[in-house]
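Working notes, structure below.
The values are calculated or read from the model by the stated rules, or taken from the named source; none is laboratory data. Just so it is clear, the structure is predicted and the values come from calculations on it, not from any experiment. Glycine gets a Cβ as well: all are built from the backbone with ideal geometry, and neighbour counts include every protein chain shown. We work out accessible area using only protein heavy atoms, side chains counted, and drop any ligands, DNA or RNA first. Shrake-Rupley method; radii C 1.70, N 1.55, O 1.52, S 1.80 Å.
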Amino acid sequence: MKKTEKTLTPKLVKKLWIAFVLLVLLMGASFIFITGYFANKYSQETTQRVNADVAHHVIAEKFTNASPFLEDGSVNKPLFGDLMHDMMAVNQSIEVYLLDEAGNILYSVVLDPSDKHAMHKVSLAPIATFIDNKGEKFVLGDDPRNPGEQKIFSAAPYAIDNREGYIYIILAGEKFKEISNNLLGQYFAKLGIGATVLTTIFSALIGLLAIWFLTKNLRLMTRTVRKFQEGDLKARIEKPETSDIEVFAKSFNEMADTIVGNMDKMKSVDLLRRELIANVSHDLRTPLSVLKGYIETLQIKRDTLSEAEKEEYLQITHDNVDKLSNLINQLFEYSKLEAEQVVPVKEPFSITELSHDLIAKFKVIAEQKQITLELDNPEENSMVFADVSLVERALQNLIENAIKYTEASGKVTLSLTKKGESVEINITDTGTGIPVNEQPFIFDRYKQVAKNTTKHQGHGLGLAIVKKIMDLHDTTITVLSKPRQGSSFIFKLPAYQVS
Ligand code: ADP
């Protein structure tokens, strides 16, 4: 356990570091590349602008006194030789070309006629663009010495001895390239080292801080989870809404609450179960010992007992057997409901008819206790959609209780009222009532109100069974009760519309 806790955060930190370093390297490389690209472009554009008029000057200065062509039409090579030397004395990176009007190279001192790779014709399109814009637009032209390469240039048209063409001057020739590459290499080296050192220092600082902040909440969470794991069930992440990982923080807190809640529930279930077993065994033992006592008496005193006494004893044993089987049935029923083994089979049926039947069934017991038992509004036929046998069971328990807890000359009423989409069922008695503080607990299994003081024998399972049946019908049961005035148990079932 300890090992996973220890490696959790460093692993993440390592990954964050790798991502960070990669990001810095990528940014550095792009910075150097972009700077280099624009620095080169800037230098080329400046050189081209500064030297835009060079070709023009060559024509104005050199070709006014002497023609670039000899009388036989060939190129005046000595003139070009001079021209080239003059120019190169000032700027070695310059290469001068004499072009005809189609762009064919007529002559250049730098071009070796035997060089197979050299070009003999340059594209006129960039030259036209350059001249049209008077050299103010950055444009690259063909480099005759390096086919495929583009260079900055200056160009001007000439018209001498009925011949037209262009003076085409490559401004950054081989020499420029050589010096520029050299300088660029040095510049990049310096820039690279400088940028790397500075960015490494700054990014390491920022990275440390960023990673510390990013993992702060994670460390806090890990600590809290560990505390919880070690048994501190109260450990929660404080102010989860302020956490960077709000969802996880909240989820952890909720999960911890659920675990603690479930533990409490399990504890109370366990307590109730123990109580139930203790109470059930007590309730089983009492009728059993009564039974045993009477049966033994009957066996021992078989000959001395009168017929009436024998009859009485047999009646008592019969009553106790009834009680026992009643309790066992209730227990069986309740445990089946609690284990969710009962699936309600819902169907439309007449709750009025069912109520009539139940009233008839309990009439005798009620009359024995001199209690009036009646059905309110018996004329109306109310149909509901529910499980008929489960509803019957619930009503039976409620009527039984009402009769059980009502004194002689009291009254028990079962009323059915149509309320919107449902039928409200109300079992009201004028009995002992239930103390207000006990009312919330009467539906809990095995809860009996002031068990010691009540003279009624019960097992506290009747209402728990009713509650389970209500749950299966997605409905709730309410109790309204005033001590010594009576109680009402009210619940609703969905009405069934007969079309
Ligand atoms: P029991 O088998 O003890 O009647 P129940 O679960 O049916 O168990 O009822 C739980 C407790 O609620 C009863 O012990 C009783 O104190 C109280 N109770 C239920 N119905 C009534 C009622 N109609 N009038 C007064 N008290 C009632």
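Residue-wise test of (1) open to solvent by less than 60 Å² (accessible area, probe 1.4 Å); (2) of a type outside the set (D, E, K, R); (3) part of a loop (DSSP other than H, G, I, E, B); (4) under 16 Å from Pro157 (Cβ atoms).
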{"position": "Phe33", "(1), (2), (3), (4)": "no, yes, no, no"}
{"position": "Gln44", "(1), (2), (3), (4)": "yes, yes, no, no"}
{"position": "Leu79", "(1), (2), (3), (4)": "yes, yes, no, no"}
{"position": "Asp86", "(1), (2), (3), (4)": "no, no, no, no"}
Kindly evaluate Asp387 against the criterion of being of a type in the set (D, E, K, R), in contact with an Asp or Glu (Cβ under 8 Å, 6 or more places away or on another chain) and more than 15 Å from the ligand (Cβ to nearest atom).
yes
Does Ile465 satisfy the criteria of being modelled with pLDDT of 95 or more and within 10 Å of the ligand (Cβ to nearest atom)?
no
Of (1) closer than 30 Å to Phe385 by Cα; (2) open to solvent by 50 Å² or more (accessible area, probe 1.4 Å), Ala366 satisfies all except one. Which?
(2)
Report, by residue number, each residue of region 394-412 that is open to solvent by 30 Å² or more (accessible area, probe 1.4 Å) and more than 10 Å from the ligand (Cβ to nearest atom).
Gln396, Glu407, Ala408, Ser409, Lys411
If the requirement is being open to solvent by 80 Å² or more (accessible area, probe 1.4 Å) and either of a type in the set (A, V, I, L, M) or farther than 30 Å from Phe332 by Cα (or both), which of these qualifies: Leu271, Leu233, Leu276?
Leu271
Subset of region 68-85, residues more than 13 Å from Asn162 (Cα to Cα) and among the acidic types (Asp, Glu), comes to Asp72, Asp82
Odd one out for Leu416 among (1) part of a strand (DSSP E or B); (2) within 16 Å of the ligand (Cβ to nearest atom)
(2)
